[in-house]
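Asker: Structure below; questions to follow.
The values are calculated or read from the model by the stated rules, or taken from the named source; none is laboratory data. Because the structure is a prediction, the values reported are computed rather than measured. A quick note on method: Cβ atoms are made from the backbone with ideal geometry, for glycine too, and the neighbour counts reach across all protein chains shown.
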Amino acid sequence: MITLYDYELSADCYQARLALAVLGLEYSRVDVEFYPGREHETEWFTELSPLQQLPVLCEEETTLYDAPAILVYLASRHDPTASWYPGGDPALAGQVTLWLGFSRALAGSAGAARLHESLGHLTDIDAARSRAHTLLRVLDEHLWFGEQEGRDWLCATDRPTIADLAAFPDVALSEEGGVSRIDYPAVRRWTDRVKRIDGFVAMSGIFPAGPVAA
Amino acid sequence: MTSIQPGRAWHPVASSGDAVVRHVFQGRLLGRELAVWRADDGYVNVWENRCLHRGVRLSIAVNDGRELKCQYHGWRYSNRTAECTYIPAHPADAPARTICNRTFAVVERHGLVWTTLELDRPEDLPVLPDDGRPLALRPITVAAPAAQVVDALRSYDAGEDLRLAAEAELLLRFDRGTAPGLTILVQPSDATTSVVRGVLHGVAVVDRDRPPLDLLRLHNRALNRVRARVESDLGPLQAEQQEPELELLSEELAELPPLSRPGRSASLRVRVERKWPAGADVAGFALAPLAGHLPAAQPGAHVDVHLPNGCVRQYSVVNAPGEGDRYVLGVKREPDSQGGSSCLHDVVREGDVLAVSEPRNNFPLRRDAEHTLLVAGGIGATPLLAMAQTLAHHGLDHELHYFAQTEDHLAFRDRLATLGGSVRRHLGLDVAATKARLGEILAGYAPGRQVYLCGPGPMIEAAREVAAQCGWPVEKVHFEYFKNAQEIDKESSFEVALARSCLTVKVLAGQTILEAVREAGVAMPSSCEQGACGTCLARVIEGEPIHQDVYLNDAEKASGEAIMTCVSRSASPRLVLDL
Amino acid sequence: MPTFLCTDPVVLNLWHPLAAIAETAPGRDHTTTLLEEQIAYALPPDGGARAWRQGAPQHPLPTLVRYGYLWTSLGTPPEDLFSIPEYDEPDRRNMNASTIGVHVSAPRAIENFLDMAHFPFVHTDVLGSEPHTEVVEYGVDVSAERDEVRATRCRMFQPKASASSADGAEVEYVYRVPHPYCSVLYKTSGDDPDRQDVIAVFLQPVDQEHVRAHLLLSVLDAAHEDKEIRNFQQSIFGQDKPILENQFPKRLPLDPRSETPIRADKSAVAYRRWLSGKGITYGVIPAGR
């Protein structure tokens, strides 16, 4: 049985919920009230997650508290097609890891700007936004050339991977941090594609995509 | 806003490849945000990025292929005209056709989407070398005013043998030898942002699906260098954005709309683009605009067709909103035609120009039902076809029951085919068998269901009777008659007071209320003028009407709150109308 | 009289919320922004509340502790705040659900709070679901005596009306706007159909286009933990946030010709007129400009 320690409005928690949803996995949720209860700072939670990070995923003997780690674990363990995490292909495994790292940079910039704007967290907001724009420029260029090559996703495969799931939340929520995506048209198209992945679930702040053409 | 009001009115705002179907591109020109979206029929729309209702950006709306559905309240806006075709909060009402988002003129050329913010501004697009194979580079957004970007681009060097050959406003052309090589356009997004749009000329594209990536990357690198230089020279700009002036709406739209339906009388000129046999004794007509776009027709709407012989007839629009820029009509040849259907069948030909009214919707389709039944008899299928296509497109549960003499008598079989399993055919049934079948169809009323009936008078009568027996409340049973077959009594005479106009008029024997009201100088829309279409409806404030129409249902008639001014009369000596 | 960046006398003289008492550590100074001014506030350990403009502690601002929040004013506020009598009923659970920053004007956020027609599209499968989209006629009045806008008999089909409801039901709402930047709604309680849960939004105008939205809950719910109830409201508010942040212009336009109302917007029309009548200029685009 999988248990997810979860907070609805957290972009990192949403990464885990997305992965569980697209993999079609059942799980039970434990609400950890990040705000206003600051439940992630409680002793019981710190024992699960020493850095007081959300989400935490438990299955049998495994307990993981870092979003990319949870994605790698879930895909490796529960995706028999190995398409979500193509760990057996060195080049693809490297690419996935690169974009997982990129998603952490997004969390530290676009994500931090969002926490600043929504919940008043202390951040150098100008620096966070500027860094987020730098990342979005890189992402847009990568995705635009991907479209020219007939590639829809972050990694060089015809199927989405956990890299797409990891990068999506902080991109799709960037405007809550005052980081507009108007200048990143290829990023905007990619967010529509991610929303159309089978099993996709939305979260507060993200609307689902409309129907695809027949 | 300084220095961004260029003389050229038309600017590129997107690459053709940016406007993919089922997506809304968010653009910007001269400080104004744009929602750019491609319908499934290929047409690219450029609209103000703002829903008229509560100002929500349409770039977060859903593009369903035919309409944009606003994310906030689900208002639907039609492809091409941006007319609102449906307001879910009031599912029984047809939205006023005049609720229309701001659209901008569009041209798709040279691999780019062009627009102008100015009204009626002739196309002053720059002429680009056209070898039929323009290749748009990746657009590069630069945080700098357009003039600075143009300055920096003069020394553009992609390492290819390109030299600056010509320059126009916000445009630079580079030639390779004597052949045109590259045009660079600078889109002035706002006071501090520009987009560099490059179009390569004369590129040999071997495979349409495999663009020359090396070339695209080469220019992308070079443009990134230009961007880095301009941005570092300028430093971070204060993104002091001035809000664009928003247009005010008409007085009519600013008011809370009344409960009654508005009617309109303006006429359109259309060309018969196609005429074809659409079923036994049924001619199909596709009417195309002479210029511009046709107003969107909501499902259930009809137009008045003014015929060359002077007749005016009403026909339902068969195609669904957002589906093509045409009105598709189906005209059955009536054996006792008084010049309407026979003229359309025998006289009107492809290429002819006809005058038609703007579409009116007096038979609006609710889209808040859990299940919708559409029951069609013969040519009565036409409005129901538009409804069925709309419901199918929105993924709403429905069935279309189509009664006809034979398979050949089914009209628009191509459209029926696309509706698939929701269509039930009932062929060759006599009166008794039809009634029995209606009993089966209408059995099992449940709240959340709605039924729409259209067909010959006796069939609608029968269906309404059966529906009542099956427990359908009258407000769930919607119907439209082709014509009013009743004998209209015009012998009485009475007084009509027009409350809002402060006028009292006398209606004489042989005269209709509509005629008397118009004679007194009060404008009043009308269409069929025989009590069937609902266009000339008026609210009754006081008095006891005699209805004589086939538009209102029994409950509406009993309430005495509305009349059809073309046929209704008064049992009381005086009738007070809200006119 | 000190000068402020906000020059709207009506708004300066209002009470404005600064923070939830439960989220304010006592005994030390905190800061926030109100009407573009930096405001410091504290809950002294010996009780009471203090607020002052940053750098001017010698000039205390008026304070009030009501409904679990600390309120202040930059001008001369009325003696008391509008009343929510239900708050004092002994069996109610009162809590602050959240304080969330939103990039929108306070009046736009109030209008969204008053609106039911968006439930099926924004709170899909929770507060509404297609095809149940109809907004039936409801009542609106502006009480001169209480100086507030009130909308009554607001009915809507809801798949999951609150943390305590499992099935769909038609719910009835009453809305009050007793303050230009505050609104209170009453909805049928899941626990007791004869009584109503109360949800209020108190908007702290950070500037003309930014607010901090303080959400107060006063509910009858014996079954759920506080955090479940709060979590439900936070999710709902999180769904409205991208709509509010995508409204343009961000200030509420008061000219009747700037946006198209429908009958479902009766309460918003009354609210806009009420603001115009008060002569409010902050957070709005006044008519005729």
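Asker: Which condition from (1) surrounded by fewer than 17 Cβ atoms within 10 Å (Cβ to Cβ); (2) modelled with pLDDT under 95 is the one that A:ARG29 breaks?
Answerer: Every listed condition holds for A:ARG29 apart from (2).
Asker: Go through the range B:80-115 residue by residue and tally those that are among the hydrophobic types (A, V, I, L, M, F, W, C), part of a strand (DSSP E or B) and modelled with pLDDT of 90 or more.
Answerer: Here the count works out to 7.
Asker: OK, next. Pick out the one residue from B:LEU185, B:LEU135, B:LEU218 that is closer than 27 Å to A:LEU139 by Cα, among the aliphatic types (A, V, I, L, M), in contact (Cβ under 8 Å) with a residue 60 or more places away in the chain and surrounded by 22 or more Cβ atoms within 10 Å (Cβ to Cβ).
Answerer: Of the residues listed, the single one that is closer than 27 Å to A:LEU139 by Cα, among the aliphatic types (A, V, I, L, M), in contact (Cβ under 8 Å) with a residue 60 or more places away in the chain and surrounded by 22 or more Cβ atoms within 10 Å (Cβ to Cβ) is B:LEU185.
Asker: Return a yes/no flag: does the range A:189-199 have any residue that is within 20 Å of A:SER130 (Cβ to Cβ), surrounded by fewer than 24 Cβ atoms within 10 Å (Cβ to Cβ) and within 13 Å of chain C (Cβ to nearest Cβ).
Answerer: no
Asker: Give the number of residues within the range C:136-153 that are within 12 Å of chain B (Cβ to nearest Cβ) and in contact with an Asp or Glu (Cβ under 9 Å, 6 or more places away or on another chain).
Answerer: The qualifying residues number 0.
Conditions (1) charged (D, E, K, R); (2) touching a residue at least 12 places away in the same chain (Cβ under 8 Å); (3) in contact with a Phe, Trp or Tyr (Cβ under 9 Å, 6 or more places away or on another chain), marked per residue:
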| site | (1), (2), (3) |
| --- | --- |
| C:ARG28 | yes, yes, no |
| C:LEU43 | no, yes, no |
| C:ALA51 | no, yes, yes |
| C:GLN58 | no, no, yes |
| C:PRO62 | no, yes, yes |
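Asker: Next question. Residues in the range B:543-560: is at least one of a type in the set (Ser, Thr, Tyr), more than 30 Å from the chain's Cα centre (by Cα), surrounded by fewer than 19 Cβ atoms within 10 Å (Cβ to Cβ) and within 30 Å of B:ARG449 (Cα to Cα)?
Answerer: Checked against the condition, which is being of a type in the set (Ser, Thr, Tyr), more than 30 Å from the chain's Cα centre (by Cα), surrounded by fewer than 19 Cβ atoms within 10 Å (Cβ to Cβ) and within 30 Å of B:ARG449 (Cα to Cα), the range B:543-560 yields at least one hit.
Asker: If you check A:VAL22 against the conditions, is it β-branched (Val, Ile, Thr), more than 22 Å from A:VAL171 (Cβ to Cβ) and buried (at least 16 other Cβ atoms within 10 Å of the Cβ)?
Answerer: no
Asker: Could you count how many residues in the range B:323-344 are in contact with a Gly (Cβ under 9 Å, 6 or more places away or on another chain), of a type in the set (Gly, Ala, Ser) and buried (at least 19 other Cβ atoms within 10 Å of the Cβ)?
Answerer: Total satisfying the criteria: 1.
Asker: Please list, ordered by first then second residue, the pairs with beta carbon atoms under 7 Å, 6 or more apart or interchain, first in the range B:439-455 and surrounded by fewer than 22 Cβ atoms within 10 Å (Cβ to Cβ), second part of a loop (DSSP other than H, G, I, E, B) and not β-branched (Val, Ile, Thr).
Answerer: Short answer, once both residue conditions are applied: B:ALA443/B:CYS470; B:TYR445/B:CYS470; B:TYR445/B:GLY471; B:TYR445/B:TRP472; B:GLY448/B:ALA369; B:GLY448/B:GLU370; B:ARG449/B:ALA369; B:ARG449/B:GLU370.
Asker: Are any residues in the range A:32-61 surrounded by 17 or more Cβ atoms within 10 Å (Cβ to Cβ), more than 14 Å from chain C (Cβ to nearest Cβ) and of a type in the set (A, V, I, L, M, F, W, C), and if so, which ones?
Answerer: Passing the criteria: A:LEU48, A:VAL56, A:LEU57, A:CYS58.
Asker: How about the range C:246-274: which of its residues are over 24 Å from C:VAL135 (Cα atoms) and either under 18 Å from the mean Cα position of the chain (by Cα) or touching a residue at least 60 places away in the same chain (Cβ under 8 Å) (or both)?
Answerer: Within the range C:246-274, C:LYS250, C:ARG251 meet the criteria.
Asker: Against the definition (buried (at least 22 other Cβ atoms within 10 Å of the Cβ), closer than 27 Å to B:PRO447 by Cβ and more than 14 Å from every other protein chain (Cβ to nearest Cβ)), how does B:LEU365 come out, yes or no?
Answerer: Judged against the criteria, B:LEU365 is not a match.
Residue-wise test of (1) touching a Leu at 6+ places or on another chain (Cβ under 8 Å); (2) over 23 Å from C:VAL104 (Cβ atoms); (3) crowded, with 21+ Cβ neighbours inside 10 Å; (4) not β-branched (Val, Ile, Thr).
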{"position": "C:GLU137", "(1), (2), (3), (4)": "no, yes, no, yes"}
{"position": "C:THR152", "(1), (2), (3), (4)": "no, yes, no, no"}
{"position": "C:TYR175", "(1), (2), (3), (4)": "yes, no, yes, yes"}
{"position": "C:TYR186", "(1), (2), (3), (4)": "no, yes, yes, yes"}
{"position": "C:HIS210", "(1), (2), (3), (4)": "no, no, no, yes"}
{"position": "C:LEU216", "(1), (2), (3), (4)": "no, no, yes, yes"}
{"position": "C:ILE229", "(1), (2), (3), (4)": "yes, yes, yes, no"}
{"position": "C:ILE236", "(1), (2), (3), (4)": "yes, no, no, no"}
{"position": "C:LEU244", "(1), (2), (3), (4)": "no, no, yes, yes"}
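Asker: Only one of these conditions is not met by C:LEU220: (1) closer than 30 Å to C:LYS160 by Cβ; (2) aliphatic (A, V, I, L, M); (3) modelled with pLDDT of 95 or more; (4) surrounded by fewer than 23 Cβ atoms within 10 Å (Cβ to Cβ). Which number is it?
Answerer: Failing condition for C:LEU220: (3).
Asker: Now for a different question. Only one of these is among the hydroxyl-bearing types (Ser, Thr, Tyr) and either assigned to a strand (DSSP E or B) or in contact (Cβ under 8 Å) with a residue 60 or more places away in the chain (or both): B:TYR77, B:TYR72. Name it.
Answerer: None of the other options fit; the residue is B:TYR77.
Asker: Follow-up question, since we're still on this one. Could you please let me know if C:THR63 is among the hydroxyl-bearing types (Ser, Thr, Tyr), over 29 Å from C:GLY279 (Cβ atoms) and surrounded by 15 or more Cβ atoms within 10 Å (Cβ to Cβ)? So that I can check it myself, show each step before the final result.
Answerer: Details: among the hydroxyl-bearing types (Ser, Thr, Tyr): yes; over 29 Å from C:GLY279 (Cβ atoms): no; surrounded by 15 or more Cβ atoms within 10 Å (Cβ to Cβ): yes.
Judged against the criteria, C:THR63 is not a match.
Asker: Which one of B:LEU396, B:LEU373 is of a type outside the set (S, T, N, Q), in contact with a strand residue (DSSP E or B) (Cβ under 6 Å, 6 or more places away or on another chain) and touching a residue at least 24 places away in the same chain (Cβ under 8 Å)? Let's see the steps before the verdict.
Answerer: Details: B:LEU396 fails: in contact with a strand residue (DSSP E or B) (Cβ under 6 Å, 6 or more places away or on another chain).
The unique qualifying residue is B:LEU373.
Asker: Of all residues being assigned to a strand (DSSP E or B) and β-branched (Val, Ile, Thr) in the range B:52-69, which is surrounded by the most Cβ atoms within 10 Å (Cβ to Cβ)? Just the residue, please. Walk me through how you get there before you give the answer.
Answerer: Narrowing the range B:52-69 to residues assigned to a strand (DSSP E or B): B:56, B:62-63, B:67-69.
Those left that are additionally β-branched (Val, Ile, Thr): B:56, B:62.
On the way: B:VAL56: 25, B:VAL62: 22.
Here the residue is B:VAL56.
Asker: Only one of B:ARG50, B:ARG57 is more than 11 Å from chain A (Cβ to nearest Cβ), in contact with a strand residue (DSSP E or B) (Cβ under 8 Å, 6 or more places away or on another chain), under 19 Å from A:PHE207 (Cβ atoms) and not hydrophobic (A, V, I, L, M, F, W, C). Can you tell me which?
Answerer: Result of the check over B:ARG50, B:ARG57: B:ARG50.
Asker: Right, here's the next one. Taking the conditions exactly as written (under 16 Å from the mean Cα position of the chain (by Cα), closer than 30 Å to A:LEU25 by Cβ and surrounded by 16 or more Cβ atoms within 10 Å (Cβ to Cβ)), does A:ALA93 satisfy them or not?
Answerer: no
Asker: Still on this model: Return the residues of the range C:67-86 that are in contact (Cβ under 8 Å) with a residue 12 or more places away in the chain and more than 15 Å from the chain's Cα centre (by Cα); say none if nothing qualifies.
Answerer: C:THR72, C:SER73, C:LEU74, C:GLY75, C:THR76, C:PRO77, C:PRO78, C:ASP80, C:GLU86
Asker: Related question: Do you know which residues across the range B:72-87 are surrounded by 24 or more Cβ atoms within 10 Å (Cβ to Cβ) and in contact with a helix residue (DSSP H, G or I) (Cβ under 7 Å, 6 or more places away or on another chain)?
Answerer: Answer for the range B:72-87, where residues must be surrounded by 24 or more Cβ atoms within 10 Å (Cβ to Cβ) and in contact with a helix residue (DSSP H, G or I) (Cβ under 7 Å, 6 or more places away or on another chain): B:TYR72, B:HIS73.
Asker: Scan the range C:232-289 residue by residue and report those that are in a loop (DSSP other than H, G, I, E, B), at pLDDT below 95 and within 14 Å of chain A (Cβ to nearest Cβ).
Answerer: C:PHE248
Asker: Which one of these does C:VAL201 not meet: (1) farther than 21 Å from C:GLY238 by Cβ; (2) at pLDDT 95 or above?
Answerer: Going through the list (1) farther than 21 Å from C:GLY238 by Cβ; (2) at pLDDT 95 or above, C:VAL201 breaks only (1).
Asker: In a loop (DSSP other than H, G, I, E, B) and at pLDDT 90 or above: is that true of B:ALA532 in this structure?
Answerer: Against the criterion (in a loop (DSSP other than H, G, I, E, B) and at pLDDT 90 or above), B:ALA532 does not qualify.
Asker: Okay, next question. So A:HIS121 fits all but one of (1) more than 14 Å from chain C (Cβ to nearest Cβ); (2) at pLDDT below 95; what number is the exception?
Answerer: Among (1) more than 14 Å from chain C (Cβ to nearest Cβ); (2) at pLDDT below 95, the lone unmet condition for A:HIS121 is (1).
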